[in-house]
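Below is one structure, written out as structure tokens; the observations come after it.
The values are calculated or read from the model by the stated rules, or taken from the named source; none is laboratory data. Computed from a predicted model, the values in this text were never measured in an experiment. Cβ coordinates were reconstructed from backbone atoms using ideal geometry, including for glycine residues, and neighbour counts include every protein chain displayed.
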Amino acid sequence: MKSSARILLGLIFVALAGKLTSLLLGATKPQWIEQSREQMTVLLGGETSKMADPQTPKSLPPSEVFSLVSLPTPERISKLELILERGHQPDQNRARYLLAVTALENQQPDQALQYLDNLDMDYPLLTGYIRLKQADAYVMKGESENAAVIWSEIIENDFNSAIIGEARYHLGKKDPQNWETLIAEYPEHPRTHEIIQERLAKNPDQPALLKILSQQTPEAKGMNQVRDRLVSEYQNQLTPEDWSAIAQGYWETWEYGKAGEAYGNAPKTPKNLYRQARSLQVSGETGKAKQIYLELLKTFPDTEETGLGLRRLAGMVSRSEAIFYLDQVINQFPQEAPDALITQAQLLAAEGKTQLAQQARETLLNNYSQSDAAADYRWERAEAAAKQGNIKAAIDWVTAITEENPKDILAAKAGFWRGKWLQQQGETTAAETQFQETLSQYPESYYAWRSAVHLGLPVGDFDTIRDQMPKVVKPTSRPSLPAGSALLKELYRLGQDDAAWTLWQMETSNSSSLSVEEQFTDGVLRLTQAKYLQGIGQISSLQYRDEPAEIARWQNLRETPMYWQALFPFPYHKSILKWSQQRELNPLLTISLIRQESRFEKEIGSVAGAKGLMQIMPSTGEWVASKTNLKTYSLVNPEDNIQLGTWYLDYTHDRYDNHSMLAVASYNAGPGNVAKWVKRYGLADADEFVQNIPFPETKGYVEAVFGNYWNYLRLYNPEIQTHL
């Protein structure tokens, strides 16, 4: 029998087993179960039977259920009940499942069992989860034996590992052997991690369990303490692979001193040696770092990491040694050569060898014209020319960026300033054309917004944004994920986020690396778990893919609204709208500042002591609370933090006559610094003012916040979308 036929027979067996169990356990069939089911045709062993995939029939209209997931519960229930009466079969199945989930949330197990009765026959894609929900209902009813029958049935029928892990977890509460099996067979399962944490709380002296956590949950809260214990108490029991996992965990949490030591015990690979040397360098152990860079060069003379390592090494040695190492990079490692040429030119110029320095720059522009380093150098020359009043030369330099480096991060900036400088030259038509090109080619950029302002579009400017109250419209349904199984995609669109996240972890547990689509999917699913910093980081870092095929797939993703809505999510929606309206603040400016300050991590803290979504210093929070008569509050409570933060943002606006750019700059750098800059540069040209901000952090902060604002405006305000 063909494998596809085996799978179908397996599904039929599972469904029939579920039906039999329902009858044995005495479930009652409600009247609406008797509705006719759609017929499907499938070839089994050469014979035709009436069956088909109920999830994706081509003739059916789009699902109504997916658009109901984000609605308030009472409204969602009423609409789902209507779909039970008049919807097409797949949507009725989805509605029954979601109504059962809601019934369980409301402690109504009998109602849940009615919705779930025989649903596995009609909805085979979700059979395993339907069975789990039935078991949950029996537990809620106090009928644990019936639940155990279902959990055992799940294991016997070989469902996917996410579902089996859940079943073993529950059975293990009475039979500990199930937990042993879960730990041994599914170390990546979240339930395994719960069991391990529980066991470690009772007996911390279990290095085998600590190692599982180190390998499987490197980003979890408190993991650096786990790694510290493994290193300090059990280092003699650690394998090189254990050290590699520990080192990577330290590296990804910026514990570079510890990472350097751990990588020293990990397998000698190009990546591990580079990271060991770089960690030591960042930690100030330059002597050791030099030795490891040289070991990298000797052991792996031709790898990509070696080229980067030589560039790092050049920054730690004498000028003559640096030029020697940079020559090696230029001759052997074309990927690193552009940056090496720029550094070499700077070193040669410092030695007074201006002709050799110029030759290095010319080599950069001639041989690596499309490199990021070439774009950086062109922008540096454009800025210098503009400051000297040579606007024509500045235009020439940025024109080269738009032509030679159109995909570089500086391209949007170059295009915008080309338009600005053309304006200054009196070439208004050419300037308008350039602003339009910047807006269309780089629609997500801060400079796209500045171009839209100069084109006269109704997008708000620095001195008008505060008072605007744009309509905010969030998507009503979730698009399908670009990676993962059909089951994963269905769970995600149904809003079953915890189940989807667990399933995804199991589906990717054996992947050494993720494809472009998988990395994006991983980021999106992290957002559903309120892991906003990680999720946005995963999606944003796709820009660093360097293989042409991967870049093309990333560009395809960028063409979808889903990509941008994931990069610019809208959590804490109600609180942001509520407090922004109360302070008469543009809510999109509020969320833009939150995204920059905290990436929506409600408990995040800064080195300086700022806390929460809007990164409020405790002393500022105390002062604002006294002004607003807020008696009790917590800076890590989203509602309190937004309440206090919007008051302070309103305060900074009042201080600067509602000039949002100055208010935002003050939020970052303080009012004293902003006052000095206004006095020094004036506000005749706001773009020039931003460009002249002397603090790189604050300059980047201002551009990031208003770049965020522009993206939230174009993504969530339908009126602006009509102008673009």
Checklist entry - Can you find a residue in the stretch 404-418 that is touching a Leu at 6+ places or on another chain (Cβ under 8 Å), over 24 Å from P718 (Cα atoms), surrounded by 17 or more Cβ atoms within 10 Å (Cβ to Cβ) and of a type in the set (D, E)? => result no
Item to check | Residue identified as under 24 Å from the mean Cα position of the chain (by Cα) and of a type in the set (K, R) among R191, R229 | outcome: R191
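Per-residue answers, yes or no, for (1) among the charged types (D, E, K, R); (2) out of contact with any Leu (no Cβ under 8 Å at 6 or more places or on another chain); (3) part of a helix (DSSP H, G or I); (4) free of Cβ contacts under 8 Å to residues at least 24 places away in the same chain:
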position: Y648; (1), (2), (3), (4): no, yes, yes, no
position: N658; (1), (2), (3), (4): no, yes, no, no
position: V664; (1), (2), (3), (4): no, no, yes, no
position: N668; (1), (2), (3), (4): no, yes, yes, no
position: W677; (1), (2), (3), (4): no, yes, yes, yes
position: Q691; (1), (2), (3), (4): no, yes, yes, yes
position: E697; (1), (2), (3), (4): yes, yes, yes, no
position: R714; (1), (2), (3), (4): yes, no, yes, no
position: H723; (1), (2), (3), (4): no, no, no, no
Item to check | Test result for H189, more than 24 Å from Q108 (Cβ to Cβ) and either in contact (Cβ under 8 Å) with a residue 24 or more places away in the chain or not small (G, A, S) (or both) | outcome: yes
Checklist outcome for this item: Selection over the stretch 195-239 where residues are free of Cβ contacts under 8 Å to residues at least 60 places away in the same chain and under 21 Å from I604 (Cβ atoms) yields a count of 10
Checklist entry - Can you tell which of D650, D685, D657 is out of contact with any helix residue (DSSP H, G or I) (no Cβ under 8 Å at 6 or more places or on another chain), under 15 Å from R466 (Cβ atoms) and not assigned by TED's automatic domain parsing to the domain that holds Y563? => result D657
Checklist entry - Based on what the data block shows, is R599 assigned by TED's automatic domain parsing to the domain that holds V636, among the basic types (K, R) and surrounded by 23 or more Cβ atoms within 10 Å (Cβ to Cβ)? => result no
Checklist outcome for this item: Sole miss for D205 among (1) in a loop (DSSP other than H, G, I, E, B); (2) closer than 18 Å to P187 by Cα; (3) not assigned by TED's automatic domain parsing to the domain that holds G260 is condition (2)
Next on the checklist: Take the conditions in the same structural domain as E507 (by TED's automatic domain parsing), under 16 Å from the mean Cα position of the chain (by Cα) and without any contact (Cβ under 8 Å) to a residue 24 or more places away in the chain and apply them to Q534. Does it pass?
Outcome noted: no
Checklist entry - What tally of residues in the stretch 579-632 results from selecting those that are of a type in the set (S, T, N, Q), in a helix (DSSP H, G or I) and modelled with pLDDT of 95 or more? => result 10
Next on the checklist: Please return the ranges of helices (runs of 4 or more DSSP H) entirely within the stretch 70-136 where 2 or more residues are among the β-branched types (V, I, T).
Outcome noted: 73-86, 89-105
Checklist entry - When you scan the stretch 245-264, how many residues do you find that are within 23 Å of Q197 (Cβ to Cβ), of a type outside the set (A, V, I, L, M, F, W, C) and at pLDDT 95 or above? => result 5
Next on the checklist: Quick check on the stretch 233-244. Is at least one of its residues of a type in the set (A, V, I, L, M) and not in a loop (DSSP other than H, G, I, E, B)?
Outcome noted: no
Checklist outcome for this item: Selection from the stretch 414-463 of residues free of Cβ contacts under 8 Å to residues at least 40 places away in the same chain, on the phi < 0 side of the Ramachandran plot and not in a helix (DSSP H, G or I) yields Q425, E427, Y442, L455
